[in-house]
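Enquirer: Okay, here's the structure, questions in a sec.
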Amino acid sequence: MALQKYMEQLQKEIDIAMMDHQYSSEHTVAEAMGYSIKNGGKRLRPILLLMILEALGHPKEKGMATAVALEMIHTYSLIHDDLPAMDDDDLRRGVPTIHKVYGEAVAVLAGDGLLTDAFNVLINDKNLNAETRIKLVRLLSAAAGTRGMIEGQLLDMEAEEKQVDLDDLKQMHHLKTGKLFEFACLAAGFIAEPTGIHIHKLRWFSNHLGLAFQIKDDILDACGDVEKIGKPVGSDVVNNKSTYVSLLGLEGAKQMLETETNKALEELDKLPADTKMLKELTLYVANRDR
């Protein structure tokens, strides 16, 4: 099956599963949460999780609840990123950001709701034993918490109006962006119960893939098509943020993207699994136009 068709199929399954986990409450916060969930996106992180699980010989249904929890965390982070106190964005995927529709207070609560409910989804997954569920809760809370994504967001905010060096920029994005990619890969590994060496390889793969994703994001912000991206380009320059493009130049950033992509592909070669589709996904991340 071609990658694009396969991704579309998985995306539909993830979307259905996410809406199934939404409470039927009609209050405004639940409505706002649904607004953000229905806004979609590529669902790249949960797709990555499910693809790795299948590559390791396990049915994707075994990891669907974990994939939903992961995307709920990702969606919450985008809601909060877009707030005026953070990146102050008016558009997300071509439609008004949630605070523009429901107001800032409801947007904050909708993000809080998605964050909290994600762990409820994870801990009540009947497809996994209690030990695995506890392991995944610990892993996801670490990835999203104050030593993971939140720390990365703080470092990103503190880096505004000043230039940081390349090592600091990589560390920032490893925390802010890479930790959820890492969770997707390691969660699939733990669900499949592979040996420890598989986990090590999956971690290195995720680190290179997450970095490649962020470098490509910086390139798209510098010279992407606003109609395809669904939000204004050049926001990094407006906010005076350090990026791979600002530090390395456009050609230098493209070279670094190629290097990280190749390293991710090399890690996949070390896995004793059919990684053909994962390699195609890696190339998609590096070459996407939005």
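Laboratory data are not the source of any read-out in this text; all were calculated from the coordinates shown. The shown structure was predicted, so the numbers you read here are calculated from the model rather than taken from an experiment. Using ideal geometry, Cβ is built from the backbone for each residue, glycine included, and neighbour counts are taken over all protein chains shown.
Enquirer: Pick from TYR35, TYR76, TYR244 the residue whose mean-square fluctuation is largest in a GNM of the chain, springs joining Cα atoms under 10 Å.
Expert: The residue with the greatest mean-square fluctuation here is TYR35.
Enquirer: Which residue fluctuates most in the GNM of the chain (Cα springs below 10 Å): ASP112, ASP20, ASP167?
Expert: ASP167
Enquirer: Over the alpha carbons of the chain, what is the largest minus smallest coordinate on each principal axis, giving the biggest first in Å?
Expert: Projected onto the principal axes, the Cα atoms of the chain cover 48, 47, 35 Å.
Enquirer: About its Cα centre, how strong a charge dipole does the chain have in debye, to the nearest 20, once Lys and Arg get +1 and Asp and Glu get -1 at the Cβ? List each step's numbers first, then the result.
Expert: On the way: 33 positive and 45 negative charges, 193 e Å.
Magnitude of the dipole: close to 920 debye.
Enquirer: Taking 30 Å as R0, compute the FRET efficiency from the Cβ-Cβ separation of GLU8 and THR146 and round it to 0.05.
Expert: On the way: r = 36 Å, r/R0 = 1.19.
In this case the efficiency is close to 0.25.
Enquirer: Would you list, by chain and number, the aspartates and glutamates whose Cα falls below 14 Å from the Cα of LYS42, excluding same-chain residues fewer than 8 positions away?
Expert: Here the aspartates and glutamates satisfying the reach criterion relative to LYS42 are GLU8, GLU13, ASP15, GLU71, ASP217, ASP289.
Enquirer: Taking H placed 1.01 Å from N in the peptide plane, check which residues at least 5 places from ARG92 or on another chain put their amide H under 5 Å from its amide H.
Expert: THR97
Enquirer: Go ahead and set up a Gaussian network model of the chain, Cα springs under 10 Å, then flag whichever of ILE197, ILE16, ILE150 fluctuates most.
Expert: Maximum among the listed residues: ILE197.
Enquirer: Rounded to two decimals, what ratio of Rg to Rh does the stretch 12-167 give with C-alpha atoms and a Kirkwood Rh?
Expert: Numbers: Rg = 16.3 Å, Rh = 16.6 Å.
Here the Rg-to-Rh quotient is 0.99.
Enquirer: Oh, and also: Can you list the lysines whose alpha carbon sits under 16 Å from that of LYS62, skipping same-chain ones fewer than 8 residues off?
Expert: LYS126, LYS135
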